[in-house]
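Asker: Have a look at this one.
The values are calculated or read from the model by the stated rules, or taken from the named source; none is laboratory data. Since we're looking at a predicted model, the values are computed, not measured. Keep in mind that these areas ignore ligands, DNA and RNA; they rest on the heavy atoms of the full protein, side chains included. Shrake-Rupley method; radii C 1.70, N 1.55, O 1.52, S 1.80 Å.
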Amino acid sequence: MLLGHIARSKNNVYYYHLKSVTKQDVKENETGVQYDVWLRLDDVIDLMGKIVATILGIALLSFIIGTALIYWVAKRLNRPLVQLTRSSKIHTKDVETAGTAQLPVPKTPQEVHDLSIEFNHLLASLNQRSEADRQFVSNASHELRTPIAGIRGHVEMIKRHGDEHPEIIPTSLDFIDKESKRMQTMIENLLKLSRASQRSLALSDVDLSETVTGIVERYRDGLKRPIELAITPDVKARTNADSVQQILVSLLDNAQKYSPTGSDIRVGLTSDGQYAIMTVADQGRGITDNQKTKVFDRFYRVDQEIPGNGLGLAIVKQLVVSNHGQIKIVDNAPQGSIFQVSFPISM
């Protein structure tokens, strides 16, 4: 009989054949006795069933507990994101708080904490831009409303009294002509500002020494102030020649407005090895430190009595940015201001 054999009895009991043993009686010369050793498997099968059932039970319990634990942890970690989403929806629907929207910043987890802070920084930047745009529309409406109101007033006056008092007609027409030209200039500047902020300039290697000298010579006769030049030769920069002309002409016009009669305007150009630095210096009353950044805002004017619409320096700033340059204002000695424009030099 084979060892390791499993057999089933008539009453469905399983046995395992362990070994066979044969004993012979040598003295009596008999064949001997053979017997087999069997192991009843009921207890083993029962034990294996219990072990399997226990393993399955533990696995099922672990699965249930693990699923619940994962759900709890995921919900805990997701709660700050849910709050952020809910707050975002509230601020989106609430128009009154849209300009000052700030999302809650949870302490944990750290990733959501950092993300909330960055979201708030982004919202603050967008809110500032939105407020600037609203202020721009408000200022533009105000600046355009004033000449329109004057024009309409003179038109009504001509209609009512033109036949009886024809002497008022030339004065009214002169006023209408001046105000309409002012409106035209303002609208053109608004279009220039819009184009400067949207278009990308074609940059090339420009000899700024020749370009700046040529621009000053062409516009020198049209300016009411004498111009002094201090140009370093062979200064080249990666820029757009047309926009350099527009920047320099605007700065010269601004210097002329704010310079006293008989004073000089100094135009300089040098290089520090990294940037080509163009300067326009006037001898006006100067600009205070808290106004040095505001003068580049749209419709901002240091002196309301001087003619202008406050768009010239805003256009200059946008053109400088489009040329990958920088612009700042420093004090001029003994008085006045120096507008300093830096362009990346040609490599």
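Asker: Take LEU223, LEU319 and sort them by solvent-accessible surface of the protein heavy atoms, 1.4 Å probe, largest at the top.
Answerer: Putting LEU223, LEU319 in descending order of accessible area: LEU223, LEU319.
Asker: Just the accessible area for VAL73, please: 1.4 Å probe, Å², rounded to the nearest 10?
Answerer: 60 Å²
Asker: Of the accessible area of segment 221-261, with the probe set at 1.4 angstrom, what percent is carbon plus sulfur?
Answerer: Percent of accessible area from carbon and sulfur atoms in segment 221-261: 46.
Asker: Follow-up question, since we're still on this one. Give the Debye-formula value of log10 I(q)/I(0) at each listed q (0.25 Å⁻¹), with one equal scatterer per alpha carbon of segment 154-225, two decimals each.
Answerer: Rounded to two decimals, the profile gives -1.04.
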